[in-house]
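Down below is the structure, laid out as structure tokens.
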Amino acid sequence: MTAGNLAEPTLESVETLLRAELAQSGTVLCAAAPVLRHLLAYEGDGLLSHEVVARTRGLLADLAGQLLDALAEEMSAADPVSFLAEHRDALVKALADEPALLAHLHALAIEGGLALRIEERTGIDPVLCPLLRELVGSRDDTVAGIAMAVLAAQARFVLHHRGMMLPLSELPSDLFRRALDALQRQAGTGGDAAAAAAQNLGKRFDERRSRLGLIAQLLERIGGPAPALDVSHAGVAVFATALAQASGQERDFCLLSLAGGRAAHLALQMRAAGLAQGELENQLLNLDADAPLPRGFEALSQDRASRLLRDSQSGE
């Protein structure tokens, strides 16, 4: 797993190599949103045939459709259908112009594809992973109940991924609010109806009942992320949340690392999460990210890995 070298590496030389890798990875990952906005705005078949871009665009369109359906229920216009058709493309663009929302949809498109690819390659079920199978049978009724809810939510996510759909209720709360704000900005003469639609959607929204909210509750109930830091045992969805919690990174950012083939960046996140060298290398193999790590990486402590990640995000 580690690259060979005749000279014995120092910890400083390992960190220098990793800082360079983080800088390169950070540039690519930070550029993802504006590049996606460009691709999504371009109607050429060649660019939109790329699976992740096409799925991200599909998720945007699905969210816009749900928002406009909610608006239609509140409209008193004689012909709401023509009004909604007129505003659909503008709303899709407005949603795409929200960097955090676009990044989240991009990460979800990546997550669904990664889970299915891992299933094809290793047989790890994208829904019923071994960890959830164990927890559904737990003697703790609360744990068993949350695990069953996660199982059902994950099954819906896989179906939605195939259909390029995402219920508004599955968005994190801040992104849900941004989506509602985008609807109200684009409503024009339908502003009052848009405000009423946003209010009604907000009344039904409960982040804790979303898939990601349920996974977070499950990890809290079983004592934190540590039991789920094995993708072959926890599956991609739970593993990604556990890795984010344990490493102090955003879940969406972890998903980009999981699927981006950047072994050093992913290895740093896993070391920051507390994984030992052998455990870390097993996860890289499971995720098909078996690229050589800098020789001497095994000497990097959890604290130093966390500091490197923090420094890379702050631009130091």
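The values are calculated or read from the model by the stated rules, or taken from the named source; none is laboratory data. Note that the coordinates shown come from a computational prediction; the quantities given were computed from them, not determined experimentally. Counting neighbours? That spans all protein chains shown, and the Cβs are built from the backbone with ideal geometry, glycine included.
So S76 passes all but one of these: (1) at pLDDT below 90; (2) assigned to a helix (DSSP H, G or I). Which condition number does it fail?
Failing condition for S76: (2).
Quick check: anything in segment 61-68 at pLDDT 65 or above, within 21 Å of L201 (Cβ to Cβ), surrounded by 13 or more Cβ atoms within 10 Å (Cβ to Cβ) and under 17 Å from the mean Cα position of the chain (by Cα)? Talk me through it step by step, then tell me what you get.
Keep residues of segment 61-68 that are at pLDDT 65 or above, which gives 61-68.
Filter once more, keeping what is within 21 Å of L201 (Cβ to Cβ): 61-68.
Cutting the leftovers down to surrounded by 13 or more Cβ atoms within 10 Å (Cβ to Cβ) gives us 61-68.
Okay, now just the ones that are also under 17 Å from the mean Cα position of the chain (by Cα), so 63.
Looking for residues that are at pLDDT 65 or above, within 21 Å of L201 (Cβ to Cβ), surrounded by 13 or more Cβ atoms within 10 Å (Cβ to Cβ) and under 17 Å from the mean Cα position of the chain (by Cα), one finds at least one in segment 61-68, hence yes.
What single numbered condition from (1) more than 19 Å from L212 (Cβ to Cβ); (2) of a type in the set (A, V, I, L, M, F, W, C); (3) touching a Cys at 6+ places or on another chain (Cβ under 9 Å) fails to hold for I124?
Tallying (1) more than 19 Å from L212 (Cβ to Cβ); (2) of a type in the set (A, V, I, L, M, F, W, C); (3) touching a Cys at 6+ places or on another chain (Cβ under 9 Å), I124 fails exactly one: (3).
Considering E250, E279, which residue is over 20 Å from G213 (Cα atoms) and of a type in the set (D, E, K, R)?
E279
From the list L218, L258, L229, pick out the single residue that is under 19 Å from P172 (Cα atoms), surrounded by 21 or more Cβ atoms within 10 Å (Cβ to Cβ) and out of contact with any Pro (no Cβ under 6 Å at 6 or more places or on another chain).
L218
State whether the residues of segment 166-178 include one that is polar (S, T, N, Q), farther than 30 Å from A100 by Cβ and modelled with pLDDT of 95 or more.
No, segment 166-178 contains no residue that is polar (S, T, N, Q), farther than 30 Å from A100 by Cβ and modelled with pLDDT of 95 or more.
Given the conditions (1) more than 30 Å from H50 (Cα to Cα); (2) under 23 Å from the mean Cα position of the chain (by Cα); (3) surrounded by 21 or more Cβ atoms within 10 Å (Cβ to Cβ); (4) of a type in the set (A, V, I, L, M), which single one is not true for A179?
Evaluating A179 over (1) more than 30 Å from H50 (Cα to Cα); (2) under 23 Å from the mean Cα position of the chain (by Cα); (3) surrounded by 21 or more Cβ atoms within 10 Å (Cβ to Cβ); (4) of a type in the set (A, V, I, L, M) leaves (1) as the failure.
Here is a list of conditions, (1) crowded, with 18+ Cβ neighbours inside 10 Å; (2) within 18 Å of the chain's Cα centre (by Cα); (3) part of a helix (DSSP H, G or I); (4) in contact (Cβ under 8 Å) with a residue 60 or more places away in the chain, and S312 meets all of them except one; can you say which number that is?
It is condition (2) that S312 fails.
Name the residues in segment 194-215 that are closer than 15 Å to F157 by Cβ and surrounded by 16 or more Cβ atoms within 10 Å (Cβ to Cβ), would you?
Selection gives S210, R211, L212, G213, L214, I215.
Give the residues of segment 272-306 that are in a loop (DSSP other than H, G, I, E, B), hydrophobic (A, V, I, L, M, F, W, C) and either within 17 Å of L17 (Cα to Cα) or within 20 Å of the chain's Cα centre (by Cα) (or both), sorted by residue number.
A273, L287, A289, A291, L300
From the set of residues in segment 107-124 that are crowded, with 16+ Cβ neighbours inside 10 Å and of a type in the set (D, E, K, R), which is nearest to Q249 (Cα to Cα)? Steps first, please.
Start the filter on segment 107-124 by keeping residues that are crowded, with 16+ Cβ neighbours inside 10 Å, which leaves 107-115, 118-119, 124.
Add one more test, that the residue is of a type in the set (D, E, K, R), and what stays is 111, 119.
Details: E111: 16, E119: 25 Å.
Top of the filtered list is E111.
Can you tell me how many residues in segment 109-148 are without any contact (Cβ under 8 Å) to a residue 60 or more places away in the chain, farther than 20 Å from A289 by Cβ and not in a loop (DSSP other than H, G, I, E, B)?
7
Which residue pairs have Cβ atoms under 9 Å apart, sit 6 or more places apart or on different chains, and have a first residue in segment 205-217 that is of a type outside the set (A, V, I, L, M) and a second that is surrounded by 17 or more Cβ atoms within 10 Å (Cβ to Cβ) and not in a helix (DSSP H, G or I)?
Between residues of segment 205-217 that are of a type outside the set (A, V, I, L, M) and residues that are surrounded by 17 or more Cβ atoms within 10 Å (Cβ to Cβ) and not in a helix (DSSP H, G or I), the close pairs are F205/L171; E207/L171; E207/P172; S210/L171; S210/P172; G213/P172.
Name the one entry in L166, L151, L180 that is part of a helix (DSSP H, G or I) and in contact (Cβ under 8 Å) with a residue 40 or more places away in the chain.
L180
Condition check ((1) closer than 18 Å to L229 by Cβ; (2) at pLDDT below 95; (3) of a type in the set (D, E, K, R)) across all residues:
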| position | (1), (2), (3) |
| --- | --- |
| A240 | yes, no, no |
| A263 | yes, yes, no |
| L266 | yes, yes, no |
| A291 | no, yes, no |
| G296 | no, yes, no |
